[in-house]
Each structure stands twice: as structure tokens, then as C-alpha cells.
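To start, the structure itself, in C-alpha cells.
The values are calculated or read from the model by the stated rules, or taken from the named source; none is laboratory data. Just so we're clear, the structure is a prediction, and the values are computed from it rather than from any experiment. Heads up: the accessible areas ignore ligands, DNA and RNA and are worked out on the full protein's heavy atoms, side chains in. Shrake-Rupley method; radii C 1.70, N 1.55, O 1.52, S 1.80 Å.
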Amino acid sequence: MASQIQQDDIEIEDTQTGKFLTFQLEEEFYGIEIRFVTEIIGIQKITEVPEMPEYLRGIINLRGKIIPVMDVRLRFKKSFREYTDRTCVIVVDIKEISIGLIVDSVSEVLFIPEEEMIPPPEFHKSTSKFIKAIGKVGQDVKLILDCEKLLHEQEVEDLGEIVRS
């Protein structure tokens with residue numbers, strides 16, 4: 001029985017390999033590995049938490065679970081834009097914490113084969129540190145995020161405390 005469960009886990013992992021949820025910030029398209037995504041919701045009322053970085057907008061109550069939310073635009077040092085009916089929150093699990101990523105809009109789930117991925121350029125470490133790869137999709141490119149680098153270790157600890165309290 002244990003080997004069957006293990007086999008099922010491998011199959012689940014295989015079905016997610018190479019799949020990315022794509023979303024838009026301004027004119028750029030980004031992707032995150034589908035394995036991190038738990039759900040996509042519309043923008044909700046956000047409760048501000050004092051003394052958090054500007055890009056950590058606060059927390060939301062999602063069916064009784066407290067979820068911190070990060071405005072990805074602000075995390076990438078882009079200007080704030082008022083939220084609209086197209087604004088979405090992508091709930092992801094990063095380092096055992098659920099966090100909502102606020103994005104301009106969600107596009108689609110794409111399969112990008114490994115051979116169509118290239119490493120990001122090395123020209124500016126502060127912005128490219130969030131980019132894991134560049135996916136080539138036809139004539140377009142998708143900037144693939146490294147979800148685990150969106151938060152610093154201290155932020156993970158701080159958010160963990162907020163969520164648990």
C-alpha cells in the first residue's frame with residue numbers, strides 16, 4: 001500500500017512538472033510553478049498590519065484562515081496601482097506559509113518544456129534575484145519567478161508568527 005501511495009505522489013509531481021500559472025504586471029508576463037499555487041481569488045478587504053514592509057499589504061481572512069498578502073508590483077519596485085475587478089490574489093504555499101500574491105491579472109496555465117527555459121541575465125542582481133528562468137513561448141517570453149525568494153527568512157518568521165497568533 002505504501003508503495004502505491006508513493007507511486008501516486010510521483011505521478012502527481014509529474015503532471016505538474018513544466019506547468020506554470022502566468023499572470024500580468026503592467027506589460028510583463030510572469031509565471032510561477034503550478035505546484036506552489038493553492039487557489040486564485042478576487043481582491044478582498046485587506047487588514048493592514050503595522051510595521052510591515054510596504055509590499056506586504058496586510059492580511060485577509062480566507063474562509064477562517066489568516067493569509068498575509070503581498071503586492072507583487074510593490075515587491076518589484078513598480079508603482080502602486082489601484083485594485084480593479086481584474087486584480088487577483090494568487091494564494092501560494094512558500095516555505096510552509098500560505099501567502100497571497102496580488103497581481104494585475106491572471107492569464108493562463110502554460111506548459112513550458114525545460115528546453116524552452118533559459119537562465120535569467122546577470123545584469124542587475126536586485127531585480128533578477130526573483131527570476132528563476134525565462135520561458136520562451138512562441139514569440140513571447142514569460143519571466144518565471146523563484147517563489148522561495150519572494151520572502152526573506154526573517155519575513156517568513158514574522159509572517160508565521162502573525163498567522164499563528
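The C-alpha radius of gyration of the stretch 19-164, expressed as a fraction of 2.2 N^0.38 Å, stands at 1.02. Structure note, pairs Lys45/Lys132; Lys45/Lys149; Lys65/Lys95: Cα-Cα distances above 28 angstrom occur for Lys45/Lys132.
Only Cα sites of the stretch 15-92 enter the Debye sum here, all with the same form factor; the resulting log10 I(q)/I(0) across q = 0.16, 0.17, 0.22 1/Å is -0.66, -0.75, -1.19, listed in q order.
Using a cutoff of 8 angstrom between alpha carbon atoms and counting only pairs six or more residues apart, the relative contact order for the stretch 19-164 works out to 26 percent. Residue order by solvent-accessible surface for Glu51, Glu28, Glu115, Glu108 is Glu51, Glu115, Glu108, Glu28, largest first, with ligands and nucleic acids left out and a 1.4 Å probe.
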